[in-house]
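This report concerns only the one structure given below.
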Amino acid sequence: MIATGKRKIESGKQYDHLFDRPIGNFIVKKRDARVSDTVSLMQKTIRETRQDTVKIAMALKRSRVRETSKAIWEFCFKHFQYTQDARGREQVRRPARSWADRFKGIDCDCFTVFIGSILYNLQIPFLIRLARYQKDQFEHVYPVALDENQNEIIIDCVVHDFDYEVGYTQKKDIEMDLEYLNGVPQERYNEFGDLIRFQNDLPIDAEDLFLDEMELEGLDGRAERLARKTKRKGKRQSKKAVR
């Protein structure tokens, strides 16, 4: 397991205005979650909370991918304490929550989401790398940016050097697909056609991000979702008939 101990970090108060202040609640998404569950949640969080890092992404952007990656690594290494999650507990924070918890400390999952969100905003392609060292399961995760020539750049803020990774016995890379981003979206519609508004102050750790989805989990929720979808489909067909 990667272990570097506590380090002295800077306050970073001059950057507070670049992040929204989150509500400090916890939501349990899945008990006895597997690595694949955690990775899926990380990918979802990166995509759906990208507005958290729009401002800091612009502040850290440089002319080349390697320079930008180094600026991101230095910012995170200097301003975030590293702390492992408690045994048997995986927490995934959105970037705004990680910033709020930076003195208490975040783990490699949260580092990956924070950095991945910045890379996502800057349209820099990257991988989410899982690494195994001694145990029979993956123990560490970190983002790997790809420069203009598809060369790998390690952005692991748990270790103490930029573009460095500890030797592993096994790795698994998950590609992060990028979408074209034209500004920060103000409105979105879910699969039922209902309006979704981004809520920067939603509960953060291991969250579903949108309350409608959280309220419709389980078998009863599935039935309700199907009912809404059928209703929405009927409305669309009615509109077409009128035209």
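Within 25 Å of Ile9 (Cα to Cα), open to solvent by less than 20 Å² (accessible area, probe 1.4 Å), of a type in the set (Phe, Trp, Tyr) and without any contact (Cβ under 8 Å) to a residue 40 or more places away in the chain: does that describe Tyr142?
Numbers: within 25 Å of Ile9 (Cα to Cα): yes; open to solvent by less than 20 Å² (accessible area, probe 1.4 Å): yes; of a type in the set (Phe, Trp, Tyr): yes; without any contact (Cβ under 8 Å) to a residue 40 or more places away in the chain: yes.
Here the answer is yes, as Tyr142 does meet what is asked.
Please indicate, with yes or no, whether at least one residue in the range 127-141 is part of a loop (DSSP other than H, G, I, E, B), closer than 23 Å to Leu18 by Cα and out of contact with any Cys (no Cβ under 7 Å at 6 or more places or on another chain).
No: zero hits.
Just a yes or no: is a residue in the range 24-44 more than 19 Å from Phe111 (Cβ to Cβ), part of a loop (DSSP other than H, G, I, E, B), modelled with pLDDT of 95 or more and out of contact with any helix residue (DSSP H, G or I) (no Cβ under 8 Å at 6 or more places or on another chain)?
no
Report the residue count in the range 145-191 for those that are open to solvent by less than 60 Å² (accessible area, probe 1.4 Å), modelled with pLDDT of 95 or more, of a type outside the set (Val, Ile, Thr) and part of a loop (DSSP other than H, G, I, E, B).
6
The values are calculated or read from the model by the stated rules, or taken from the named source; none is laboratory data. Everything numeric in this text was worked out from a predicted model, so none of it was measured. In this analysis, Cβ positions are derived from the backbone assuming ideal geometry, glycine residues included, and neighbour counts consider all displayed protein chains. Each accessible area value is taken on the protein alone, full model and side chains, heavy atoms only, with ligands, DNA and RNA left out. Shrake-Rupley method; radii C 1.70, N 1.55, O 1.52, S 1.80 Å.
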